[in-house]
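Working notes, beginning with the structure itself.
The values are calculated or read from the model by the stated rules, or taken from the named source; none is laboratory data. Keep in mind the model is a prediction, meaning the values are calculated, not measured. Counting neighbours? That spans all protein chains shown, and the Cβs are built from the backbone with ideal geometry, glycine included. The protein model used for the area step is the full one, side chains on, heavy atoms only, and it has no ligands, DNA or RNA in it. Shrake-Rupley method; radii C 1.70, N 1.55, O 1.52, S 1.80 Å.
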Amino acid sequence: NRWRKFLTLAIHFNMYRALVSCAIVGLICAGLVIAGVLPLFKIEAEVGGEMATSYISIWCTIGSLVALLLCLTLSHDLLLCLGRHGPDVFLDKVCVDQFNDQKKWEGIHALTSYIWHADELVVVLSEMYLDRIWTVFELISFLILKPYGKISVLPVELATFVIVAACCQSFRILGELLNSYFAPVVHAENRTIVWIVGGSFFLLFGSCLMVPMRRWGRVRSQLCKQMETFTFASSSCQHQADREEILTALVTLAIDYKIVGEFATTEEVCRVLETRAKEVIPQSMHDAISFGGLPARSLLIIIMPLIASELDPIAAELSVGIQADQVLFHLLESLLVAFSYPWFLALLGCMTCFPPRKWWFEALILILGGLLMSGYLFAGRVIRNLHHVFQPSAAYLAVMSVLLALELVFFACIFWPACIERLFSKRTPCSQDASQQNSKKPKSKR
């Protein structure tokens with residue numbers, strides 16, 4: 001799982017650089033296409049007994065995708081070669097001595113000090129996260145020490161899906177190019193076969209894309225169950241001595257922060273912290289992951305190449321001198337489709353969040369998801385070509401603009417719910433007391 005964890009952390013730490021690079025390269029390629037520096041692919045087809053000519057560009061799609069992948073995987077190494085260092089990160093597994101018992105004991109009792117100095121807790125989330133006493137200890141300590149601290153949840157199962165989804169959406173325009181090339185030479189009596197083959201390909205593509213989403217749905221279902229049934233006694237720990245040291249550190253932390261009385265036993269502390277964890281951890285996970293189970297960061301990685309690929313047809317239209325109003329309508333239609341993609345993924349995320357079932361039921365879910373994906377891709381293609389069907393008008397422009405604005409508002413409300421709540425909520429005296437308590441430095445044994 002190392003390569004998946006690498007992709008997960010690369011998305012977290014290199015995301016903004018990758019998004020900016022993707023957008024810049026896409027705009028540069030669009031400018032070069034409009035200026036005539038990069039060539040267009042000329043397509044001629046017979047439509048209604050007359051020859052129609054169209055032009056297709058692929059440079060924005062290819063350039064933005066390559067820039068995104070390179071920046072995600074290599075930008076931190078490039079900056080390091082240039083003398084630029086990234087953020088300071090504390091990794092428990094490599095920063096706590098795993099072989100010397102005395103140093104391990106000191107590291108366990110110093111964990112709360114490291115957490116107190118941290119600005120953010122990065123959770124590399126897997127099905128084992130809430131089942132290990134080490135990780136739960138760190139999460140509970142952060143929630144006690146930093147009640148309003150930032151928690152970034154990075155599902156390992158989604159790393160592959162995010163990259164595959166970004167690549168597949170970028171390749172959509174390449175598929176349209178191949179379709180434009182081969183469709184005119186297919187005889188009318190064979191086009192039914194072509195439709196069947198194309199539909200089967202879309203179904204296979206959608207079903208394959210559903211596999212990592214279904215795996216993440218099983219993990220989410222398991223995590224929800226773990227949140228309800230978690231106890232420190234049942235959590236896994238490789239060495240019993242480590243468990244005892246962690247429980248001792250938890251008792252010290254709980255007493256220091258007045259969560260329990262000074263003479264509370266270990267069992268009493270565990271019961272109090274387990275109750276608090278079952279109240280706070282689900283809410284923290286909900287704030288970090290949207291209702292469809294997809295973090296906002298993952299959606300941005302998927303959307304940006306999709307938006308960049310929409311620059312290709314627009315640049316091609318501007319290059320051949322198509323009227324500006326037609327291009328504007330095409331741009332609105334493309335953005336409307338691009339920002340509907342997260343809604344569709346959230347729907348699939350809700351549909352796939354349940355425990356493992358029998359093999360035939362799992363296969364049925366994959367096929368159903370593939371059918372929905374195929375239908376979405378077909379509907380998106382229809383919407384992108386509405387400006388060829390309807391005569392451009394001010395009313396049509398107003399309707400498309402309002403729909404896009406509503407879509408953006410709902411997008412922010414659903415995938416950034418915590419930010420919206422903080423924007424419109426006022427702090428209560430209790431929250432201010434908790435914030436003041438946050439400034440109290442925990443004791444640690446060095």
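Looking at (1) open to solvent by less than 40 Å² (accessible area, probe 1.4 Å); (2) modelled with pLDDT of 80 or more; (3) part of a helix (DSSP H, G or I), which is the only condition M227 fails?
Every condition holds for M227 apart from (2).
Taking the condition hydroxyl-bearing (S, T, Y), part of a helix (DSSP H, G or I) and crowded, with 18+ Cβ neighbours inside 10 Å, does S207 pass?
Spelling it out, S207 is indeed hydroxyl-bearing (S, T, Y), part of a helix (DSSP H, G or I) and crowded, with 18+ Cβ neighbours inside 10 Å.
For residues that are under 18 Å from Y376 (Cα atoms) and open to solvent by 10 Å² or more (accessible area, probe 1.4 Å), tally how many sit in the stretch 331-358.
Qualifying residue count for the region: 10.
Looking at L121, L70, which is the one that is under 21 Å from Y16 (Cα atoms) and open to solvent by 70 Å² or more (accessible area, probe 1.4 Å)?
Testing whether each residue is under 21 Å from Y16 (Cα atoms) and open to solvent by 70 Å² or more (accessible area, probe 1.4 Å) leaves just L70.
Considering each residue of the stretch 84-94, count those that are open to solvent by less than 70 Å² (accessible area, probe 1.4 Å) and either more than 25 Å from the chain's Cα centre (by Cα) or at positive phi (or both), and give that number.
Counting residues in the stretch 84-94 that are open to solvent by less than 70 Å² (accessible area, probe 1.4 Å) and either more than 25 Å from the chain's Cα centre (by Cα) or at positive phi (or both) gives 0.
Matching residues to (1) in a helix (DSSP H, G or I); (2) touching a strand residue (DSSP E or B) at 6+ places or on another chain (Cβ under 9 Å); (3) surrounded by 17 or more Cβ atoms within 10 Å (Cβ to Cβ); (4) of a type in the set (A, V, I, L, M):
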position: A10; (1), (2), (3), (4): yes, no, yes, yes
position: M15; (1), (2), (3), (4): yes, no, yes, yes
position: A18; (1), (2), (3), (4): yes, no, yes, yes
position: S21; (1), (2), (3), (4): yes, no, yes, no
position: I24; (1), (2), (3), (4): yes, no, no, yes
position: L27; (1), (2), (3), (4): yes, no, no, yes
position: A30; (1), (2), (3), (4): yes, no, yes, yes
position: P39; (1), (2), (3), (4): no, no, no, no
